[in-house]
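Read the figures in this text as sums done on the coordinates, not as results from a lab. Values in this document were obtained by computation on a predicted structure and should not be read as measured data. Don't worry about glycine lacking a Cβ; one is built from the backbone with ideal geometry, like all the others, and counts go over all protein chains shown.
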Amino acid sequence: MIVVGGTYAETCCKPTIRNVVGSGIRAAGVLAGIAPDTVLHTAVDDQMAEIARATAAGLGLNAEWTTRTEPVAFTYYTPLSSPSIDGRSSVTKRPIEAEAEAALVFGMVEAVPKVKARKLVFDPQQPRELKDLEISNLTAEELVIVANATETRNLGRDADLRTAASNLLASSGAKAVVTKGGAWGALVTTESGQEAVGPHPTPRVSPIGTGDVFAAALAWAWGTQGADTVEAARVASGVVAAWTSTETLPVAASAFSDHSGLEDALPPKDVRVYLASPYFTLGEQWLVDLARDSLHGLGASCFSPFHDVGPGGDEVAEADLKGIEECGSMLAIVDGNDGGTLFEVGYATKLGIPISALSTDTEGGGEYLKLLRGSGAEVHSDFSTAVYRAIWLGMGSTPLAANRG
């Protein structure tokens with residue numbers, strides 16, 4: 001099997017992450033334990049070459065390197081933020097061409113790889129708006145497209161995800177379209193119909209690279225083991241859960257077949273999350289916007305008092321409380337001990353609505369965090385984990401006991 005994909009610098013502010021990995025090295029690294037004969041085809045520049053080659057060697061990867069003209073880097077504020085991308089003008093000094101029985105191909109910033117395989121999985125990996133699927137450079141007897149929800153909607157020309165996936169299947173000629181849905185799992189679309197595959201909830205989540213891990217595991221199961229696309233998506237869901245809990249590469253070979261150590265996959269369902277947070281300063285409003293956008297991006301709907309009710313006088317209380325009653329879970333941003341937010345948390349607790357709280361104030365929040373934890377709320381110091389857990393709690397995940405962020 002071959003993996004064709006980028007080698008990029010990845011930097012995140014909160015939490016602090018500084019890696020040279022990218023989709024290519026990460027996906028090949030995922031498979032290094034279960035399929036050690038996997039060959040990586042990637043590109044690197046002179047500035048990044050030493051650390052990239054050392055990373056690949058440390059994972060035991062077989063790699064074919066092509067030189068590119070300049071570094072490519074993705075920078076995130078949080079793992080759920082849209083990245084800024086440096087090195088967009090980078091190009092490879094020679095084409096990337098490869099052939100194998102089974103292949104996983106990622107879209108790349110600096111090249112359009114030419115790949116031939118009997119069974120090929122293509123993940124466009126488009127960080128900006130994607131309007132057209134470019135697969136003329138790919139030759140395959142059987143093609144599976146793996147794309148996130150935004151890419152599927154753009155390529156399928158429809159806001160409804162299921163309709164868009166069906167449109168993309170028809171227009172691409174693929175055997176299947178597998179849509180990565182973030183926290184709610186994945187949607188597998190074939191000529192025979194559509195089937196959702198639920199996620200395995202984990203205590204912590206590091207989203208950067210989860211799509212690469214999913215694509216790698218799916219390509220291995222479908223491309224080399226004869227699994228159908230639904231079963232391959234189930235394998236991939238379990239491998240993602242195993243990886244995101246530790247972020248360790250290679251992923252243990254047992255993770256591809258034994259999911260007994262994970263929470264059972266949740267049945268996919270629509271989730272509405274109440275977003276409780278102060279929104280009086282510019283920073284607070286920015287965080288509310290980021291949380292709301294993140295919930296939507298991960299497949300949940302959201303009731304946000306700031307957006308759905310707005311500031312006002314005493315009359316807003318009734319609308320806010322009704323919003324809590326109509327939601328399946330709550331994401332509460334509790335930094336600052338805001339009275340309104342804590343009242344909303346208490347009201348949700350009384351109603352039995354599960355709560356995922358974000359508290360980055362690790363020194364000043366001791367007393368009120370005791371009350372939250374003691375009444376059953378999860379408290380997390382990591383933004384991405386708090387958002388994912390809010391969605392999973394709304395889907396029926398078992399609350400974490402004695403959670404301490």
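Worth a mention:
- Cut-off under 5 Å, modelled amide H: who pairs with GLY107 long-range: ASP123, GLN125
- Once the trypsin sites (Lys or Arg not before Pro) in DSSP loops with at most 16 neighbouring Cβ atoms within 10 Å are cut out of the chain, the longest remaining piece is 270-403.
- For the chain, excluding the exposed loop sites themselves (chymotrypsin sites (Phe, Trp or Tyr not before Pro), DSSP loop, at most 16 other Cβ atoms within 10 Å), the longest remaining stretch covers 78-279.
- One chain, two ends: THR16 and LYS114. Fully extended at 0.36 nm per residue, the span grows by 31.7 nm beyond their Cα-Cα distance.
- For GluC sites (Glu not before Pro), the sites in the stretch 102-172 that DSSP calls loop and that have at most 16 other Cβ atoms within 10 Å are GLU129, GLU134.
- When you filter the GluC sites (Glu not before Pro) in the stretch 173-278 for DSSP loop state and at most 11 other Cβ atoms inside 10 Å of their Cβ, you are left with GLU191.
- Summing Lys and Arg as +1 and Asp and Glu as -1 over all other residues whose Cβ lies under 13 Å from the Cβ of ARG389 gives a net charge of -2.
- Option label - Rg/Rh (Cα atoms, Kirkwood Rh) computed here, alternatives (1) 1.46; (2) 1.12; (3) 0.99: (3)
- For the stretch 1-148, the ratio of Cα radius of gyration to the globular rule of thumb 2.2 N^0.38 Å stands at 1.00.
- Each principal axis of the Cα cloud of the stretch 272-395 was evaluated for its coordinate range; sorted largest first, these ranges are 33, 30, 30 Å.
- Within a Gaussian network of the chain (alpha carbon springs, distance under 10 Å), most fluctuating of THR190, THR163, THR179: THR163
- Compared with the direct C-alpha span, the chain from SER375 to GLU195 gains 61.1 nm at full extension, assuming 0.36 nm per residue.
- Positive-pole candidate from ILE96, ASN19, GLY312, dipole of the chain, charges at beta carbon: ILE96
- FRET efficiency for the pair ILE51 and ALA317, taken as 1/(1 + (r/R0)^6) with r the Cβ-Cβ distance and R0 = 56 Å, rounds to 0.55.
- Rounded to the nearest 20 debye, the dipole size of the stretch 127-286 about its Cα centre is 320 debye, using +1 on the Cβ of Lys and Arg and -1 on the Cβ of Asp and Glu.
- Most fluctuating residue given options GLY238, GLY376, GLY22, as computed from a GNM of the chain linking Cα atoms under 10 Å: GLY376
- Hits among lysines - C-alpha to C-alpha of LYS269 under 29 Å, sequence gap 8 or more where chains match: LYS131, LYS175, LYS180, LYS322, LYS350
- Expressed to the nearest 5 percent, the antiparallel share of DSSP beta bridges inside the chain is 25 percent.
- With the simple spin-label model, which puts each label point 7 Å out from Cα in the Cβ direction, the ASN62 to GLU142 separation comes to 2.2 nm.
- Result for the chain in a Gaussian network model with C-alpha springs under 10 Å: among GLY211, GLY182, GLY87, the largest mean-square fluctuation is at GLY87.
- Dipole magnitude of the chain, debye to nearest 20 (Cβ charges: Lys/Arg +1, Asp/Glu -1, about Cα centre): 680 debye
- Long-range Cα-Cα pairs in the stretch 108-181 (distance over 16 Å), rounded percent: 45 percent
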